[in-house]
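Working notes, structure below.
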Amino acid sequence: MMSKKKDDKETKSIAKTGKLSDKERERLELLQKADQVRGRQLTVDAAGELATKDELKKFALGTVENPAKNHEVYYAGIQRLLLKFLPKGKQNERLRRIIYDEKNVFLNRGKKKDERGRRGADSRMSYLADKQFALDAVIEWARTKQSMGDLYMVFWRLNEKHGYGHQESEATSKAFAEAEKKSRKG
C-alpha cells in the first residue's frame, strides 16, 4: 500500500513540475526497450552465448504445415486403413468411390467434383488438422468394425457440420443405397 501511495505522489509531482524523477526515467527507459524487442527473448545457447529467439516468428510458424507429417497421416494412415478395411473387388469399386468422394469433400473443405469430374483441389495437399481428424474417424470406424455406410455417414456428418455440402450424384447416391441394402441382408 505504501509503495502505491509513493508512486501516486511521484506521478502528481511529475504532472506539476513536468520533470521525471530518476525512478520514472528508469521505468520509461525499460518500457521503451521492451517495445524495441517485442517478440524476442534472450536465450543462452549450448556454447553459453547470449542470443535472441524470435518468439513471434516461432508462434506464427507453429501453424505451418509439416510435409512429412502430412504424407504420413494421409498415406500411412487414412489411405492405408481404407485400403485394408473397405471391401475389395470390382463389384465394390463404385461404393468405395462414393466414400472416397465424401472423404475428399471433407479434406478439401467443400470442394466438389464438377461435371467433368475435376475437383480443383487435391486432398493429399489438404490441411494437416483436417487429415488428422479424418484419420481419427477412420481409425474409430475400423476399430469398431462398422459398415461402409457408417463410414460414409461419418464423412457426411462432418461435411454437414462444417457446411461443406456433399458430392452430389444421383448414380452414386443410388448405388450407395442399393449396396447398403445388400450388405445388411447378407
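The values are calculated or read from the model by the stated rules, or taken from the named source; none is laboratory data. Owing to the predicted nature of the structure, the values given are computational and were not obtained by experimental measurement. Using ideal geometry, Cβ is built from the backbone for each residue, glycine included, and neighbour counts are taken over all protein chains shown.
Quick look at the numbers
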read-out	value
Lone unmet requirement of (1) part of a helix (DSSP H, G or I); (2) modelled with pLDDT of 85 or more; (3) of a type outside the set (S, T, N, Q); (4) in contact with a Leu (Cβ under 9 Å, 6 or more places away or on another chain) for TYR164	(1)
Elements of type helices (runs of 4 or more DSSP H) contained in region 65-127, each with 2 or more residues being under 20 Å from the mean Cα position of the chain (by Cα) and free of Cβ contacts under 8 Å to residues at least 40 places away in the same chain	67-71
Residue selected from region 113-131 under the condition surrounded by fewer than 19 Cβ atoms within 10 Å (Cβ to Cβ) and touching a helix residue (DSSP H, G or I) at 6+ places or on another chain (Cβ under 6 Å), by the criterion farthest from GLN91 (Cα to Cα)	LEU128
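Let's see how each residue does on (1) among the hydrophobic types (A, V, I, L, M, F, W, C); (2) modelled with pLDDT of 70 or more:
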| site | (1), (2) |
| --- | --- |
| GLN32 | no, yes |
| GLN36 | no, no |
| GLY62 | no, no |
| ASN66 | no, yes |
| VAL73 | yes, yes |
